[in-house]
Each structure stands twice: as structure tokens, then as C-alpha cells.
Amino acid sequence: MAGKLATLWAKLKKPSVKYSLIGLLSTGFISGILFWGGFNTAMEATNTMDFCISCHEMHDNVYQEYKKTIHYSNRTGVRAVCSDCHVPRDWTHKMIRKIQASREVWGKLTGTIDTKEKFEAKRLVLAEREWARMKAADSRECRNCHSFEGMDTEKQKMRGAKMHKIAQDEKQTCIDCHKGIAHTKPQGMKEDADEDL
């Protein structure tokens, strides 16, 4: 086996007798552009709402909840789709998130949340994982649209303005207060237990 690899490597290192260096470089360059374009097209296709809700686990559960929120329908007509909240915009963090999403594909293949009952049983774990990711990123995806600097607290209700001021002073991030903004809060959350005391 090692001999075959050495022979193959030697052939790859040898200059081509048939093709010119410019021809080889041009072919490599065009192939690279086609690969990169195809790769980016595929990545963007996985960021669409249609792709996200194409499996019944998402369509029948979180999508139905999301349709009842201000992120889906509001007076301005601006709609945040799944990827706006769950996929970073910058390339490096986007690729990291896509790799992490392979766990979700594995869950789809093994059927860990393929029924409403299984989904509800796992909802808290899934939500806590997503909240931890968002908190670690300082709610980066939220801040693509929302920022303290862009808020006009004079136009907010008194309670909202007060809480945003506190959050800004204490260096809090969006997800510290806005859990359940687009999806139903899971039962058994720690905050719920604290409120019962």
C-alpha cells in the first residue's frame, strides 16, 4: 500500500508532458471558482426558511410557534427567518455553526425528536443548548438587527426602557431576558422554579 502511495505521489509531482502549466493553472482556477460558488450556494440554501421547516419536526413544532410572534408578522413587515437568529452572518462563525448543526442532522436521522412527545421531552435541553450558544456569542445574531445604540428608549414603554438601561449598565445580553421571544418556553426552566419561591 505504501508503495502505491509513493508511486502516485511521484506521478503527481512530475510536470505534465501533455498539458501546459497555464492550462493546468487555468483549469485549477476555474475548478476552484466553481467549487467555491457551489459551496456558498449550498450554504445559503441551508439558510432559507423553506429548508429549515422542510422536516416535520421543525414545521410542526417551533415553526408553528414562531408564526405567532412579532418576528414573523409585525406592523413594519420585516420578518426574521430561522437563520437570522440561529446562524451567524460572518463566514468563520457561520461555518462553525454549520458544523455544530451536524448534531441536529444526526438527531433527524436517528429520530430523537420525530414526534411531538419526543420533541417536548427534549425541548428544555435543546433550548438551554441554544441559549448557552447565544449567550456565549453575546447575542450576536440578535444584534444584527437590534442594538442598545439604535434603541430610542423614549419611544419604549417605561418598563422596557428601564430594563434595557439596566441590561446595558450590567453588560447583559439579549438572551438573558428574552428567552421565549420566538418559541414557547420549555417546562421545567430554572427561572420558572425561582419564580415559584
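Read-outs throughout are calculated quantities, based only on the coordinates presented, and are distinct from any laboratory measurement. If you're wondering where the values come from, they're calculated on a predicted model, not measured in any experiment. A quick note on method: Cβ atoms are made from the backbone with ideal geometry, for glycine too, and the neighbour counts reach across all protein chains shown.
Descriptive notes on the structure:
- Contact order, relative form, for the chain: 21 percent (alpha carbon pairs under 8 Å, 6 or more residues apart, mean separation divided by residue count).
- Relative to the longest principal axis of the Cα atoms of the chain, helix 2-13 runs at roughly 80 degrees.
- Each residue, K162 and K13, gets one label point 7 Å from its Cα in the Cβ direction; the gap between the two is 7.5 nm.
- Taking other residues whose beta carbon is less than 11 angstrom from the beta carbon of I166, and scoring Lys, Arg as +1 and Asp, Glu as -1, yields +1.
- Estimated FRET transfer efficiency when R0 is 35 angstrom, pair K185-R75 (beta carbons, to 0.05): 0.90
- Local electrostatic count, N40, Cβ distance below 13 Å [Lys/Arg +1, Asp/Glu -1]: +1
- Cβ-based charge dipole, the chain, positive-most Cα from G150, V87, T69: V87
- Scalar couplings 3J(HN,Hα) for the stretch 46-60, obtained by applying the Karplus form with A = 6.51, B = -1.76, C = 1.60 to θ = phi - 60°, are 7, 9, 8, 4, 4, 5, 4, 9, 6, 9, 5, 4, 7, 4, 7 Hz; x denotes Gly and Pro.
- R0 of 30 Å, Cβ-Cβ distance F148-W91: FRET efficiency to nearest 0.05: 0.70
- Multiplying the residue separation of C177 and A45 by 0.36 nm and removing their Cα-Cα distance gives an extension gain of 44.4 nm.
- HN-Hα J in Hz across the stretch 84-91 - Karplus 6.51, -1.76, 1.60, θ = phi - 60°, x for Gly and Pro: 4, 9, 10, 10, x, 7, 5, 4
- Gyration tensor verdict on the stretch 1-85 (Cα atoms; rounded if a/c is under 1.5, prolate if a/b is larger than b/c, oblate otherwise): prolate
- Pairwise Cα inverse-distance average, inverted: Kirkwood Rh of the chain (Å): 20.8 Å
- Here the 3J(HN,Hα) profile of the stretch 116-129, calculated from phi with Karplus coefficients 6.51, -1.76 and 1.60 at θ = phi - 60°, is 4, 5, 5, 4, 5, 5, 9, 3, 4, 4, 4, 5, 4, 5 Hz, Gly and Pro shown as x.
- Each of D50, D60 was scored by other Cβ atoms within 10 Å of its Cβ. Arranged with the fewest first, they read D50, D60.
- The chymotrypsin sites (Phe, Trp or Tyr not before Pro) found in the stretch 7-87 that occupy coil by DSSP, while having at most 15 further C-beta atoms within 10 Å, are Y19, Y72.
- Length gained on full extension, R133 to C55, computed as 0.36 nm times the residue gap minus the Cα-Cα distance: 25.8 nm.
- Between 0 and 90 degrees, the angle of helix 158-169 with respect to the longest Cα principal axis of the chain falls at about 50 degrees.
- Simple Cβ-charge dipole of the stretch 43-168, Lys/Arg +1 and Asp/Glu -1, about Cα centre, in debye nearest 20: 380 debye
- In the stretch 111-197, trypsin sites (Lys or Arg not before Pro) in a DSSP loop with at most 10 other beta-carbon atoms within 10 Å: K157, K171
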